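Notes follow once the structure below has been shown.
The values are calculated or read from the model by the stated rules, or taken from the named source; none is laboratory data. It should be emphasised that the depicted structure is a prediction, and the values quoted were computed from it without experimental measurement. Positions of Cβ are backbone-derived with ideal geometry, glycine not excepted, and every protein chain shown enters the neighbour counts.
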Amino acid sequence: MKKTNYWKILITGLLKENPVFVLILGTCPTLAMSNSVTSAVGMGLAATAVLICSNAVISLFRKFIPDAVRIPCYIVVIAGFVTLVEMFIHAYLPELYKSLGVYLALITVNCIILGRAEMFAGKNTVGKSVLDGIGMGIGFTLALLAMATVREVIGAGTFAGIEIPFMIDHKIEFFVKAPGGLMVYGLLIALVNVITKGRAIKKKEFNCAGCPSAGVCNGGCKANEVKEGE
Amino acid sequence: MDTFKTLAAILLTSVLVNNYVLRQFLGICPFLGVSKKLNQAVGMGVAVTFVMLLATAVTWPIQMFVLNNLGLEYMQTIVFILIIAALVQFVEIFLKKFIPSLHKSLGVYLPLITTNCAVLGVTINNIKDSYGFGESMISSLGCGLGFMLAMVLFSGVRSRIDESDIPEHFKGLPATLVAASFVSLAFYGFEGVVDNLFA
Amino acid sequence: MKYFKSVIALTVICALVAVLLALTNSITAPIIEENASAAANEALLVVYPDGGDFTQLDISTYELPATVTDAYSASNGGYVVKLLTSGYGANMVLMCGIDGNGTVTGATCLSSGETLGYEKTYGDSLKGKTVTDIDAVETISGATMTTAGYKNAVKDALNATIILGGGSVDIRSEEEILNDNLSEALPAAEGKFVSWFMVESLENVSAVYEAENGTGYVLVSDEEFIAIDKTGAVLSTVADDIKVTMEANAQLITNSSIEEIDISGYDMPSQVKKAYKTASGNYVFELAANGFGINGDQYYSPSGKPIELKASVTNDGKIIAVLTTAQYETDGIGSACADASFYTQFNGKVEADYSEIEGISGATITTNGYKTAVSKVFEAVKLLEGVA
C-alpha cells in the first residue's frame, strides 16, 4: 500500500500534474530556455536539483518554521540553493553557465519551486517531498526537452547541436526566436488538450488564482493543493 | 548631451527592443494572468514599474557599497529577493495606511510582484551590465514601461479573442499564447529603430 | 513571544544558508577564477598569437596613458594591453598585442556601442605598425571618431609598452608640454599663463606669454623659454648677447600701451573695424574677414557672421602678429583659420612678399577672405601715416 503511494507521488509530476503542460507553471524559463536542447536540459536539471534540495530542507524544517514567516524562509532556502547550483555550474560547466545567463538566478522565482514548497514540502515528510521534487523536476525537464526539440529541430535544423540532414537546409528561424516559443507552447498545450480530450488541463484560463505563487502571496489558492494520499 | 543620448538609448531599447515580456520572457505569469482588462493591465503595469524603480534604487547601492566591498557577491540573489519581498510588503502597508484609495486599485497586484521574475531580473541585469546608478534607474523605468506597454497592447488583443469562435482544444490558454506570439512578432519591427535613431 | 520565534527562525535560516554558501564559495571561487583566467589567456592569444604564459602586470606602479586599463606581459618579451577609449558616443574596450620589438601583432574590439561596425575590422589595418608609423594609418571617412579613437588608443598601447619596458615616453599633450616649459622658466606664475598678443616688433621672439598673476612674461625664442619680470629684468640665464636683445624686448613689452584712434575721418577699407596705436608707434587693427560664401559686402559664413581677427603692424608696414579672435566657420574645414599654424604665417610679412601665404586646401574661400582682410592693414597704415 505504502509503496504504490510513493510511486504515485513520483509519477504524478511526470504526467498527470506535469508542471509545464498541465499546471502551467514556470512559464518564463520554459519559454526562454527552450530554444536549444542543451540549455533546456541544463535549465531543467538545475531546477530539478534546486527543487529536490529545497523540498528536502523545507520539509525537514517544516515544524521549526513559524507559519507567519514561512514564505520568506522558503524564499531564503530556495535562493540559497539556487546560488549553490549557480556556483557549481559556473565552476564546472562554464559554457552552460553562459547560455543560461540571468535565468539561472531567476530559478529563485520559478513558480514551480515555491509552489511545491508551499503546497507539498511544507506539509509532507522528507521522503515524500524528495520524491515529489524528483517527479516534478523530471516532469519539468522532459517538458522543456519536448519543447526544445520541436523548436531546435525546426528552427535551427539541429538537435543538441548535431545537424540533422534535410532539416538543416530547411530551417525556419521563427521557431528559435521569441514569438516561436510562444507559438510552440500554445500548440503543444492544445495538443495535450486533444490527447486527453480536455481533461488534463485543469485551468482553462490562466489567472492569479491558478498560480501557486499567487496562492503563496494571498494565502489562498486551495484548489491546487496536493494533499497526502490524494 | 552624450549622457542624455546614452540614457535615451537605454530607455528606448528596454521599452521597445529588449522588451522584457515579449523578447526576454520575464514576467510571463502576470502577462498572461492580469492582461484581460485594460484597467487591470494598467494597474499591474504601474505597480511593477514602481516596484522596479524602488527595488533598483535600493539594490544598486547595496550591491556596490556593501556586497562588493565585503566580497559577498555570491549573496546577490538572496539579498535581492529578500529586499524585493520586504519592499513590496512595506509599500503595501504604507499604501493601506496612508493612501487607501491607491491601495484599493494597486494593492491587489502588489503581492504578485514579489515572485515576478521581471523585478528580480531587472535588478540583476543592471548589475550585470555594469550600469551606473542613473543608467540603472532609467533601464528599470524602461523595463517597467515596456512591461506595461506589452500588457496594455495585449489586453486589446485578448478582448478580441474572447469574442472569437476558436476550435475547442485551443480555447483558453493555447489561443492566448498563439496571440501573444503574434504580438511578440510585431515587436520585432522595432529592431534597428533605436540604433538608427542614435546613429 | 510568537513574534520573537518568527524572527529567530528566519535569522537562523539566513545564517545557515549564508554559512553554506560561504563554504561552497571557498570551493568554487578558485575554480571559477582559474576558468576566467584561462578564457582571458585565450583572448590574449587572439591579438598575440606568438605569445603565451601571460602574466598580468600591476600597472598602478607605472605612469601610463589614461586609456590603458590592463597590461599583460608574455614570456617572450611582448605585451598585451587592454584599453578603454571613446568612439562615437560610446566606450570601446580594445585589446592590443605588441611584440618585443614594439610592433603591433593584432588589435581587436571586445565590446562597443558603435553602430557602423568598423571597430570590428579596423584593428587589422594597424597590424605590423610601430609607434613611428602608426600615425600614417588612415582613418575611415564616415567613421572618423571611431577609427581615430581606435588608432590613438593603439598608439597609447605602444607608448605604454615602452614605459613598461623601462623606457620613457612623453605622454603629455602639446598644451601640457608648453605649460610645463613656461612654468619651468617662470615658476612664480604658478602654472597659469595667457598668450600675450605681440603688438610690438620684438627681435628673435616668436611668442610671448604673460603670467596671469602679473609676475612677469615668458618669451619664446628659438625654442628657448626666457622669463622676464614685470620691471623688464631678464630672469633666465642666457648668453650675454641674447640677454641684451631680450632686455630690449622686455622694455618694449613692459612699457607697451595702446590707445584707440578715431578712424572715422579716414576712407578705411570695409574690413577694418577698429584701430589702435601703441606707445612705440605701431598699429593694431581689429578686422572682420569674409567667411565661406561671399556676396558683395555681405558676410555669409555658415552662421552669417564674419571671422574676427586682430593684426599688429609696424608704422612702416610690416606685420608683427595676427590672431583669430572669433570664427563661425564649418567645423573641421574653415575652422582651421583659428589654428596657429595658419595665422602665424603672416608674421613678419610686408606688402611685397604677402602673396606667398598659403591658403588651406578645401577651405579656399575662407582663407582667401582672411588673407584679403589682413592685406588691408597695409593700406590702413599708409592712410594713418599719411603716406598714401
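General remarks:
- Of all residue pairs spaced 6 or more apart or on separate chains, those with beta-carbon atoms under 8 Å, a first member in segment C:251-263 that is closer than 17 Å to C:Ala227 by Cβ and a second member that is hydroxyl-bearing (Ser, Thr, Tyr) and in a loop (DSSP other than H, G, I, E, B) are C:Leu252/C:Ser201; C:Leu252/C:Ser280; C:Thr254/C:Thr231.
- Breaking point among (1) away from chain A (no Cβ under 14 Å); (2) over 37 Å from the mean Cα position of the chain (by Cα); (3) under 24 Å from C:Ala153 (Cα atoms), for C:Leu64: (2)
- Count of segment B:35-54 residues, restricted to those that are aliphatic (A, V, I, L, M) and buried (at least 24 other Cβ atoms within 10 Å of the Cβ), is 6.
- Residues in segment B:70-102 that are closer than 16 Å to B:Ile127 by Cβ and touching a residue at least 24 places away in the same chain (Cβ under 8 Å): B:Gln76, B:Thr77, B:Phe80, B:Ile81, B:Ile83, B:Ile84.
- Some residue of segment C:179-193 being part of a strand (DSSP E or B) and acidic (Asp, Glu): no
- Test: residue in segment B:35-48 that is at pLDDT 85 or above and under 17 Å from B:Thr123 (Cβ atoms): yes
- Residue match in segment A:80-88 (condition: touching a residue at least 60 places away in the same chain (Cβ under 8 Å) and farther than 11 Å from A:Val50 by Cβ): no
- Criterion (away from chain C (no Cβ under 14 Å) and buried (at least 20 other Cβ atoms within 10 Å of the Cβ)) met by exactly one of A:Gly42, A:Gly80: A:Gly42
- When residues in segment B:10-33 are screened for being more than 9 Å from chain A (Cβ to nearest Cβ) and small (Gly, Ala, Ser), 1 of them pass.
- Conditions (1) farther than 30 Å from B:Met64 by Cβ; (2) within 12 Å of chain A (Cβ to nearest Cβ); number of the one not met by B:Leu102: (2)
- Residue selection: C:Tyr48 fails the criterion of being assigned by TED's automatic domain parsing to the domain that holds C:Asn159, modelled with pLDDT of 85 or more and either surrounded by 14 or more Cβ atoms within 10 Å (Cβ to Cβ) or within 26 Å of the chain's Cα centre (by Cα) (or both).
- Residues of segment C:22-45 that are more than 11 Å from chain A (Cβ to nearest Cβ) and loosely packed, with under 12 Cβ neighbours inside 10 Å: C:Glu42 alone.
- Residue that is surrounded by the most Cβ atoms within 10 Å (Cβ to Cβ), among those in segment A:13-24 that are farther than 16 Å from A:Val184 by Cα and within 9 Å of the chain's Cα centre (by Cα): A:Pro19
- Any hit, segment A:156-172, residues being buried (at least 21 other Cβ atoms within 10 Å of the Cβ) and either closer than 30 Å to A:Phe64 by Cα or more than 10 Å from chain B (Cβ to nearest Cβ) (or both): yes
- From the list A:Arg70, A:Arg151, the lone residue that is at pLDDT below 90, assigned to a helix (DSSP H, G or I) and crowded, with 18+ Cβ neighbours inside 10 Å is A:Arg70.
- Filtered residue count, segment B:36-60, keeping only those that are among the hydroxyl-bearing types (Ser, Thr, Tyr) and away from chain A (no Cβ under 14 Å): 2
- So A:Leu145, is it closer than 24 Å to A:Thr48 by Cβ and either in a helix (DSSP H, G or I) or modelled with pLDDT under 85 (or both): yes
- Total residues in segment C:314-364, condition closer than 29 Å to C:Asn249 by Cα, of a type in the set (D, E, K, R) and surrounded by fewer than 12 Cβ atoms within 10 Å (Cβ to Cβ): 3
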